[in-house]
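The values are calculated or read from the model by the stated rules, or taken from the named source; none is laboratory data. Owing to the predicted nature of the structure, the values given are computational and were not obtained by experimental measurement. Note that we place each Cβ from the backbone using ideal geometry, even for glycine, and neighbour counts take in every protein chain shown.
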Amino acid sequence: MTIKEITTSAYTDQRPGTSGLRKKVTVFQQENYLENFVQSIFNALGTVTGITLVLGGDGRYFNREAIQVILKMAAANGVAKIIVGQNGLLSTPAVSTLIRQHRKRDNSVQGGIILSASHNPGGPDADFGIKYNIDNGGPAPEKITEAIFQQTLEITHYKIFESAAIDIDHIGEKQLGKMEIQVIDSVKDYADLMETLFDFEVIRHYLQTSPFRFYFDAMHAVTGPYAIEIFEHRLLAPVGTVLRGTPLADFGGGHPDPNLVYASQLVSKMNATDGPDFGAASDGDGDRNMILGHQFFVTPNDSLAILAANATLVPGYAQGLAGLARSMPTSQAVDRVAKALGIPCYETPTGWKFFGNLLDAEKITLCGEESFGTSSAHIREKDGLWAVLFWLNILAIKQQSVADVVIAHWLHYGRDIYTRHDYEKVNKEGAEALMAQLRANASKINGQQYGDYEVRLCDDFAYTDPVDGSVSSHQGIRLLFTNGARIVYRLSGTGTEGATLRVYIEQPETDETKIQQSIAQSTQTILAELIKLSLSIADIEQFTGRTQPDVIT
Ligand code: VG1
Ligand code: CO
């Protein structure tokens with residue numbers, strides 16, 4: 001076995017987006033493409049000699065190949081040890097858990113590498129991704145992702161160990177040159193952490209003694225083994241509670257995206273007359289969650305607010321919450337809870353990395369995004385199964401239906417009627433021109449009256465991190481109306497084809513009668529006037545050629 005130094009030339013398209021580097025598998029399969037990025041991570045870290053890293057992915061196509069490359073490159077670069085999930089599988093929240101737990105005992109643990117394109121489809125013609133997480137278990141902040149990007153532009157060489165394939169399918173310790181490889185059970189540490197946060201006894205009792213029925217759809221992605229262990233083995237839910245529980249390299253041909261469109265199988269189960277009481281799904285890498293009741297969809301915005309409002313019912317949060325946070329496009333539902341609890345609520349740009357400092361500084365305990373992401377200070381990533389367990393724990397205590405819990409919440413705190421419209425795979429130049437025009441017109445839009453809606457503020461959202469003072473600008477155009485309604489426009493940073501324009505639309509309602517009426521109405525109908533405005537203010541048709549979104553959430 002020898003260390004080889006390979007000459008390479010730089011690619012110019014390796015800037016990490018909202019959540020790591022995401023590209024088509026065919027892009028990653030280009031000569032030295034993955035190697036360049038991995039070496040750039042190591043180079044950006046300065047020295048990796050003697051460090052320990054956690055490594056795993058969501059099992060999608062190219063996961064195994066990438067793990068072999070990373071192990072060999074780590075060994076050649078002087079990494080002391082890699083902790084890797086069996087079969088190369090680790091969910092994003094499990095990686096975060098492992099980094100934090102191993103670091104408590106061993107401060108050579110510096111971070112981890114996650115292989116996933118999250119909710120994007122997998123397979124030879126679909127997507128792959130790679131992301132670096134730092135020693136707190138969370139996604140690298142912009143300062144580090146920018147340093148990695150700089151390295152990708154300057155790279156000339158990378159180092160790799162020449163060796164046969166390393167067995168990652170059997171638990172145990174192996175050696176590659178001087179580097180130790182510890183293949184671990186992908187599930188155990190994460191499942192143990194969940195037991196410390198939630199009352200498994202109460203949930204188990206409820207599942208066994210009441211008629212309550214529930215399904216979890218793992219979408220053939222990474223959460224299958226975690227969900228089977230937690231729900232079926234530890235909580236004794238009936239075998240078959242976990243649907244599509246086997247991770248597949250192409251996710252069975254579907255989008256591992258837990259929303260009403262891509263989890264339609266679960267949705268139709270929930271909508272049946274005699275359907276179950278509770279349903280949930282998670283995404284490719286296990287950090288997202290969708291929560292459903294019988295014939296009822298809980299928006300991620302409401303879910304975050306409801307978890308916050310009920311947190312003290314759950315053992316892990318019985319002491320109360322330090323503060324709350326949401327990404328800017330996420331609805332203001334959680335702000336109402338923060339206000340009622342008398343705790344701060346922070347508004348961050350889109351992407352989990354912006355919550356890290358707030359969590360580290362103990363300024364917040366729970367946080368979330370409208371994009372089906374919710375989590376807490378227990379790790380530094382969003383956490384799909386955590387949210388499902390949180391709901392199960394609350395339902396087992398309250399013994400009410402999901403719909404009753406949500407409606408009672410609305411009547412108490414007010415309701416934020418909300419939708420997100422995604423215009424996918426649109427022409428990149430058109431989408432950028434649309435944003436540029438909005439940006440240029442922001443000051444003109446300020447103060448404008450559109451029908452019943454008067455703009456109180458139109459700006460391009462910028463965020464100053466309250467902990468380290470770093471500034472992130474151009475995070476989305478927001479229109480705040482005097483009546484509390486909002487329209488937000490931003491371009492996705494996770495897509496791999498053309499551009500995706502996301503339009504977020506929100507209308508608060510605090511009048512009890514109107515909230516009651518809203519229950520039977522469709523969100524799109526209630527928001528019709530704002531939706532029309534969202535199209536005209538940004539000239540969406542003119543710039544994208546589209547008159548309707550591809551996905552409505
Ligand atoms: C999307 C979501 C964002 C989320 C990100 C990563 O980003 O909007 O809220 O943090 O995906 O989610 P964008 O830039 O496409 O809007 V996932 O589950 O990577 O890990
Ligand atoms: Co994800």
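Starting from residues that are of a type in the set (G, A, S) and touching a residue at least 12 places away in the same chain (Cβ under 8 Å), keep the ones in the range 266-293 and report whichever is surrounded by the fewest Cβ atoms within 10 Å (Cβ to Cβ). Please lay out each step first, then the result.
As a first pass, look at the range 266-293 and keep what is of a type in the set (G, A, S): 268, 272, 275, 279-282, 284, 286, 293.
Remaining after also requiring touching a residue at least 12 places away in the same chain (Cβ under 8 Å): 275, 279-282, 284, 286, 293.
Working: G275: 17, G279: 27, A280: 28, A281: 31, S282: 33, G284: 32, G286: 32, G293: 22.
Filtering first and then ranking leaves G275.
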Review point. From the set of residues in the range 241-290 that are within 16 Å of ligand 2 (Cβ to nearest atom) and assigned to a strand (DSSP E or B), which is nearest to the chain's Cα centre (by Cα)?
Key: R288
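Considering only residues of the range 112-127 that are more than 14 Å from ligand 1 (Cβ to nearest atom) and in contact (Cβ under 8 Å) with a residue 60 or more places away in the chain, which is nearest to the chain's Cα centre (by Cα)?
Kept after step one, since they are more than 14 Å from ligand 1 (Cβ to nearest atom), are these residues of the range 112-127: 112-113, 123-126.
Imposing the further condition that a residue be in contact (Cβ under 8 Å) with a residue 60 or more places away in the chain reduces the set to 113, 123-126.
Details: I113: 16, G123: 21, P124: 23, D125: 23, A126: 19 Å.
Per the stated criteria, the residue is I113.
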Review point. On the given criteria, is D189 within 21 Å of G59 (Cα to Cα), of a type outside the set (A, V, I, L, M, F, W, C) and under 28 Å from the mean Cα position of the chain (by Cα)?
Key: yes
Study note, to complete from the structure: Of the residues in the range 272-322 that are within 16 Å of ligand 1 (Cβ to nearest atom) and out of contact with any helix residue (DSSP H, G or I) (no Cβ under 6 Å at 6 or more places or on another chain), the one that is farthest from Y226 (Cα to Cα) is T299
**Study point:** Which numbered condition Q14 misses (of (1) at positive phi; (2) in contact (Cβ under 8 Å) with a residue 40 or more places away in the chain; (3) assigned to a loop (DSSP other than H, G, I, E, B))
**Key:** (1)
Exercise for review: Determine which single condition T49 fails, assuming it passes every other condition in (1) on the phi < 0 side of the Ramachandran plot; (2) more than 23 Å from the chain's Cα centre (by Cα); (3) in contact (Cβ under 8 Å) with a residue 40 or more places away in the chain.
Suggested key: (3)
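To keep it simple, each residue is scored yes or no on (1) out of contact with any Phe, Trp or Tyr (no Cβ under 9 Å at 6 or more places or on another chain); (2) assigned by TED's automatic domain parsing to the domain that holds S96; (3) closer than 22 Å to L533 by Cα.
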{"position": "I394", "(1), (2), (3)": "yes, no, no"}
{"position": "S401", "(1), (2), (3)": "no, no, no"}
{"position": "T419", "(1), (2), (3)": "no, no, yes"}
{"position": "A442", "(1), (2), (3)": "yes, no, yes"}
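Let's see how each residue does on (1) part of a helix (DSSP H, G or I); (2) surrounded by fewer than 24 Cβ atoms within 10 Å (Cβ to Cβ):
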| site | (1), (2) |
| --- | --- |
| A75 | yes, no |
| G78 | no, yes |
| I82 | no, no |
| F128 | no, no |
Review point. Give me the pairs: first residue in the range 305-333 and under 19 Å from T510 (Cα atoms) and not assigned by TED's automatic domain parsing to the domain that holds F200, second residue crowded, with 20+ Cβ neighbours inside 10 Å and not hydroxyl-bearing (S, T, Y), beta-carbon distance under 8 Å, and six or more apart or on different chains, which are they?
Key: none
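I'd like to check which strands (runs of 3 or more DSSP E) are fully inside the range 130-187 and have at least 3 residues that are touching a Phe, Trp or Tyr at 6+ places or on another chain (Cβ under 8 Å) and either at pLDDT 95 or above or closer than 20 Å to E35 by Cα (or both).
Numbers: elements: 157-162, 172-176, 179-184.
Output list is empty.
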Check your understanding: Considering the range 362-379 alone, what residues qualify as being within 16 Å of ligand 2 (Cβ to nearest atom) and among the charged types (D, E, K, R)?
Key -> E369, E370
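Considering only residues of the range 409-444 that are small (G, A, S) and touching a helix residue (DSSP H, G or I) at 6+ places or on another chain (Cβ under 9 Å), which is nearest to F198 (Cα to Cα)?
Of the residues in the range 409-444, the ones small (G, A, S) are 414, 430-431, 433, 436, 440, 442-443.
Still in the list and also touching a helix residue (DSSP H, G or I) at 6+ places or on another chain (Cβ under 9 Å): 414, 430-431, 433.
Numbers: G414: 28, G430: 48, A431: 44, A433: 48 Å.
Here the answer is G414.
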Practice item. Could you list all residues from the range 380-404 that are within 14 Å of ligand 2 (Cβ to nearest atom) and more than 23 Å from G351 (Cα to Cα)? Key: none
Review point. Taking only pairs six or more apart or across chains, which ones have beta-carbon atoms under 6 Å, a first residue in the range 374-392 that is on the phi > 0 side of the Ramachandran plot and free of Cβ contacts under 8 Å to residues at least 24 places away in the same chain, and a second residue that is of a type in the set (D, E, K, R) and within 13 Å of ligand 1 (Cβ to nearest atom)?
Key: none
Study note, to complete from the structure: Taking the range 488-515 and keeping residues away from ligand 1 (no atom under 16 Å from the Cβ) and touching a residue at least 24 places away in the same chain (Cβ under 8 Å) leaves Q507, P508, E509, T510, E512, I515
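From the list K363, K382, pick out the single residue that is more than 13 Å from ligand 1 (Cβ to nearest atom) and among the basic types (K, R).
Numbers: K382 fails: more than 13 Å from ligand 1 (Cβ to nearest atom).
Residue meeting the stated conditions: K363.
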Check your understanding: If the Cβ limit is 8 Å and pairs must be 6+ apart or interchain, which residue in the range 25-41 that is on the phi > 0 side of the Ramachandran plot pairs with which residue that is not in a loop (DSSP other than H, G, I, E, B)?
Key -> N32/I6; N32/Y158
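So, in the range 91-118, of the ones that are touching a helix residue (DSSP H, G or I) at 6+ places or on another chain (Cβ under 7 Å) and in a helix (DSSP H, G or I), which residue ends up surrounded by the fewest Cβ atoms within 10 Å (Cβ to Cβ)? Step through it out loud before you land on a result.
Let us first name the residues in the range 91-118 that are touching a helix residue (DSSP H, G or I) at 6+ places or on another chain (Cβ under 7 Å), namely 91, 93-94, 97-98, 101, 109, 111-116.
Among the residues that remain, those that are also in a helix (DSSP H, G or I) are: 93-94, 97-98, 101.
On the way: P93: 29, A94: 33, T97: 25, L98: 26, Q101: 18.
Applying the filter and picking the extreme gives Q101.
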